[in-house]
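K.L.:
Got a structure for you, written out below as structure tokens; questions coming shortly.
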Amino acid sequence: AESPCVKCGQCSAHCPTGAIVENDETSIVWDALHDEEKICIVQIAPSVRVTVGEAFGLAPGTNLTKQIYTALRRLGFKAVFDTNFSADVTIVEEASEFIERFVHKRGALPLITSCCPSWTDYMEKEHHDFLDNFSTAKSPQQMLGVLAKTYYAEKLKIDPAKLYMVSIMPCTAKKYEISRTEEMYASGHKDVDVVLTTREFARMLKQSGVDFLNLPDGEPDSILGDYSGAGTIFGATGGVMEAALRTAYFYATGEKLEKVEVEAVRGLEGVKVGKINVGGAEVRVAVAHGLANVGTVLESVREARKNGDELPYHFIEVMACPGGCIGGGGQPYGVDNERRKLRIAGLYSDDRDRAVRCSHENPELIRLYDDFLGKPLGPKSHKLLHTFYTARPLYKR
């Protein structure tokens, strides 16, 4: 509790001797898959689809989404969901939150993204003066967990106590996130039961004997599986910001962005800044990846507040790992900037090829709100999809 460690796993990703490794929980998942009392369900994070192939000799950025769906069913999972879907839900909630703060002046600016658990841990320890600026929207992993054990269970008339949710994620911080507060038990059960990194998932595939690279294409369960292009770019630095701006622009103006690609927030610069015109108002944004870069952004906000100046940014995205989730501490070994670029290109390619590219246009998401949640930021959405943060300053000697 008093350690400055933020559980990102970068130490394991870059340890030159391989002495530092993630807490391997593959045996727990195998046991669950063979437990007849459990109904095992699974979700895959946006970035996993363009990185897991590296563990099988494929080029970085190779998109294996459909093979992953098939592989997970072969492993024994009864339902296969895609975290890209809940990334769309996160965007709808977060964009609504931004509109509340920026347009209606209800809440502190800048709004800061909160889907990276290493960043939230770091903020609570080192930058807790920004507590009120944090988006209360849960991460896509947690949103899918709670929706699986409420919406999905209700639709299929399944006892949620029997559902066992496994998440395949890019980093070790997601292992920490699933138990961090009572809000992660919003379904009445532990919303996500266990997290595997991409490396652990690759081990399970090799242990299973499944010929992964030659599997036929599969499909996710549509109820929590269909996603937009905005959902898939969540795995890259700047992707959350770009996805949120696509939807926030529509919510503010009622019109679709003429060009949905927001080039200003793309790339591997440590800090990226940009401006976008939203209904005649200028929205200033910043994107930082790698925690070494976030201090510069936040300090500029502190200075503006202290001097009574205009805020330099209205919306800030932070990801702890260089490159975002594609560079997460649980990804295949050997990451460098060239690999990061190729992995990111794989996600942008998936976005470009999607028929639906904005989160709020996802038909399954629209059905979710119509049939179950009601509206973004509504009472049910707030209960299930939002969380809170607590200042936990480190002890200073």
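The values are calculated or read from the model by the stated rules, or taken from the named source; none is laboratory data. All of these numbers come straight from a predicted model, not from anything done at the bench. Cβ placement follows ideal geometry from the backbone for every residue including glycine, while neighbour counts extend to all protein chains displayed. Remember, those area values only see protein heavy atoms, side chains included, never the ligands or the DNA or RNA. Shrake-Rupley method; radii C 1.70, N 1.55, O 1.52, S 1.80 Å.
K.L.:
Filter region 351-363 down to residues that are assigned to a loop (DSSP other than H, G, I, E, B) and within 20 Å of the chain's Cα centre (by Cα), then give me how many there are.
P.N.:
5
K.L.:
In region 37-55, which residues are more than 22 Å from THR90 (Cα to Cα) and either modelled with pLDDT under 95 or surrounded by 15 or more Cβ atoms within 10 Å (Cβ to Cβ) (or both)?
P.N.:
Selection gives LYS38, ILE39, CYS40, THR51, VAL52, GLY53, GLU54, ALA55.
K.L.:
If you don't mind, another one. Return the residues of region 188-200 that are in contact with a helix residue (DSSP H, G or I) (Cβ under 6 Å, 6 or more places away or on another chain) and either more than 16 Å from CYS40 (Cβ to Cβ) or open to solvent by less than 20 Å² (accessible area, probe 1.4 Å) (or both); say none if nothing qualifies.
P.N.:
ASP191, VAL192, VAL194, VAL195, THR198, GLU200
K.L.:
Applying the selection to region 74-95, what residues are touching a Cys at 6+ places or on another chain (Cβ under 7 Å) and in a helix (DSSP H, G or I)?
P.N.:
Filtering region 74-95 down to residues touching a Cys at 6+ places or on another chain (Cβ under 7 Å) leaves 76-78, 90.
Of everything in region 74-95, just one residue is touching a Cys at 6+ places or on another chain (Cβ under 7 Å) and in a helix (DSSP H, G or I), namely THR90.
K.L.:
Across region 126-157, what is the number of residues that are among the basic types (Lys, Arg) and either touching a Gly at 6+ places or on another chain (Cβ under 7 Å) or open to solvent by less than 10 Å² (accessible area, probe 1.4 Å) (or both)?
P.N.:
2
K.L.:
With (1) touching a residue at least 12 places away in the same chain (Cβ under 8 Å); (2) over 18 Å from the mean Cα position of the chain (by Cα) as the list, and VAL318 as the residue in question, which single condition is left unmet?
P.N.:
Unmet condition: (2).
K.L.:
Hey, can you tell me all the residues within region 323-337 that are surrounded by fewer than 22 Cβ atoms within 10 Å (Cβ to Cβ) and touching a residue at least 24 places away in the same chain (Cβ under 8 Å)?
P.N.:
PRO332, TYR333, GLY334, ASN337
K.L.:
Residues being over 21 Å from the mean Cα position of the chain (by Cα) and either surrounded by fewer than 20 Cβ atoms within 10 Å (Cβ to Cβ) or closer than 24 Å to MET143 by Cβ (or both): count how many of those fall in region 205-222.
P.N.:
12
K.L.:
Further question: Regarding VAL21, is this residue touching a helix residue (DSSP H, G or I) at 6+ places or on another chain (Cβ under 8 Å) and without any contact (Cβ under 8 Å) to a residue 12 or more places away in the chain?
P.N.:
Judged against the criteria, VAL21 is a match.
K.L.:
Sort through LEU377, LEU368, LEU384 and tell me the only one that's out of contact with any helix residue (DSSP H, G or I) (no Cβ under 6 Å at 6 or more places or on another chain) and either surrounded by 13 or more Cβ atoms within 10 Å (Cβ to Cβ) or not in a loop (DSSP other than H, G, I, E, B) (or both).
P.N.:
On inspection, the qualifying residue turns out to be LEU368.
K.L.:
Any idea which residue in region 277-299 is modelled with the highest pLDDT, counting only those that are surrounded by fewer than 19 Cβ atoms within 10 Å (Cβ to Cβ) and more than 16 Å from GLU126 (Cα to Cα)?
P.N.:
Per the criteria, the residue is ARG284.
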